[in-house]
Amino acid sequence: MTNIKNLIKNTADKLICSDAPETDAYELVKYVFGLSKNDILISPERELDKNKLNRFDALVEKRAGGYPLQYIIGEWDFYGYTFKVNEGVLIPRPETEQIVYEANKFLKNKKNAVVFDLCTGSGCIGLSVAANNPQCKVYLFDISPAALDCSRENTALLSLENVTVLDCDIFSGFNGNLPLPDVILSNPPYVTEEEFVSLQREIFFEPKEAIVAEGDGLCFYRAICEKWLPKLKNGGFYMLESGEGQPESICSIIEDIKGFSFEIQPDLYGVDRFVSGTKE
């Protein structure tokens, strides 16, 4: 018989190529055997259902091959909420939570504000903002059918009534039928083709169109800055996530369109990652 404690330990030993083998093992045990955190903490010696071990072993092998844990369990936590994720959307990263934090600070005590989340993917940014600011109206934009389906599913799972999901090509620009935004947020594709081939193996299971941007990796920022930021209301706030080494170039793009303040902010790991500011 196999108990919880031993299975987690043995599984972690098999996942040594993972960045967090113990976490992966813990989450897989929870997922396959239907356990809660308390189940594992209170009863580590509990014997597990042997009928589920074959499925468990198959998923461990899949994870050992580089397949992302988040796609295996089909969901991931972000900013205190649980979001459905699949191969059609980028996996939410903890550093991206900073965008939600800054947006929430700006929106505090603001009524009827309009928020745009461009290139929304799973919707984790915009939906987290919507959940924290029920007085605001949040619009999620994407062109990927898989992303649109996923963001709609997450909207329903969070029971949010202040969210609209829209099929939109960011490069086509602002739709005149929309209200002017008070806040624009985005974590768009920004990795170049040259950079993509050298990324960690898990990345290759995520949708390439949500990661790679043509040319120098800045095409989405040019479109956002030239076609969307000018529609921001006076005094409005924007925040963009970018790749390492890109923030200064993005600031140059923003400087060229005039009328916006801008600053660079580091992420959780001290890497310059975000460009934010207001419309003056």
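Quick rundown of the values:
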{"quantity": "Tally of residues being assigned to a strand (DSSP E or B) and among the acidic types (Asp, Glu) across the range 147-169", "calculated": "1"}
{"quantity": "Any hit, the range 119-140, residues being closer than 18 Å to PRO207 by Cα, assigned to a helix (DSSP H, G or I) and in contact with a Lys or Arg (Cβ under 7 Å, 6 or more places away or on another chain)", "calculated": "no"}
{"quantity": "Tabulated pairs, the range 9-35, first closer than 13 Å to GLN70 by Cα, second buried (at least 19 other Cβ atoms within 10 Å of the Cβ) and of a type in the set (Ser, Thr, Tyr), C-beta under 7 angstrom, 6+ apart or interchain", "calculated": "ALA25/THR11; LEU28/THR11"}
{"quantity": "Lone qualifier among SER242, SER198, SER186 - being closer than 27 Å to ILE91 by Cβ and in contact with a Leu (Cβ under 7 Å, 6 or more places away or on another chain)", "calculated": "SER186"}
{"quantity": "Filter result (surrounded by 18 or more Cβ atoms within 10 Å (Cβ to Cβ) and either of a type in the set (Lys, Arg) or within 16 Å of the chain's Cα centre (by Cα) (or both)) within the range 223-232", "calculated": "LYS231"}
{"quantity": "Any hit, the range 243-260, residues being closer than 18 Å to GLU193 by Cα and in contact with a Cys (Cβ under 9 Å, 6 or more places away or on another chain)", "calculated": "no"}
{"quantity": "Total residues in the range 233-258, condition surrounded by 13 or more Cβ atoms within 10 Å (Cβ to Cβ) and part of a loop (DSSP other than H, G, I, E, B)", "calculated": "5"}
{"quantity": "One residue from LYS258, LYS208, LYS227, LYS231 being among the basic types (Lys, Arg), in the same structural domain as SER144 (by TED's automatic domain parsing) and within 21 Å of VAL129 (Cβ to Cβ)", "calculated": "LYS231"}
{"quantity": "Residues of the range 162-208 that turn out to be of a type in the set (D, E, K, R) and surrounded by 12 or more Cβ atoms within 10 Å (Cβ to Cβ), as a count", "calculated": "6"}
{"quantity": "All positions within the range 181-199 that are over 15 Å from LEU166 (Cα atoms), touching a residue at least 24 places away in the same chain (Cβ under 8 Å) and not in a strand (DSSP E or B)", "calculated": "ASP182, ASN187, PRO188, PRO189, TYR190, THR192, GLU195"}
{"quantity": "Which numbered condition PHE106 misses (of (1) closer than 30 Å to THR278 by Cα; (2) crowded, with 17+ Cβ neighbours inside 10 Å; (3) under 15 Å from the mean Cα position of the chain (by Cα))", "calculated": "(3)"}
{"quantity": "Helices (runs of 4 or more DSSP H) within the range 2-102 that include 2 or more residues surrounded by 13 or more Cβ atoms within 10 Å (Cβ to Cβ) and under 28 Å from the mean Cα position of the chain (by Cα)", "calculated": "4-14, 21-33, 53-64, 69-73"}
{"quantity": "Among (1) within 11 Å of the chain's Cα centre (by Cα); (2) without any contact (Cβ under 8 Å) to a residue 40 or more places away in the chain; (3) crowded, with 24+ Cβ neighbours inside 10 Å, the one test that SER128 misses", "calculated": "(2)"}
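The values are calculated or read from the model by the stated rules, or taken from the named source; none is laboratory data. Just so it is clear, the model here is predicted, and its values are computed rather than measured. Methodologically, a virtual Cβ is constructed for each residue, glycine included, from the backbone with ideal geometry; neighbour enumeration extends over all protein chains shown.
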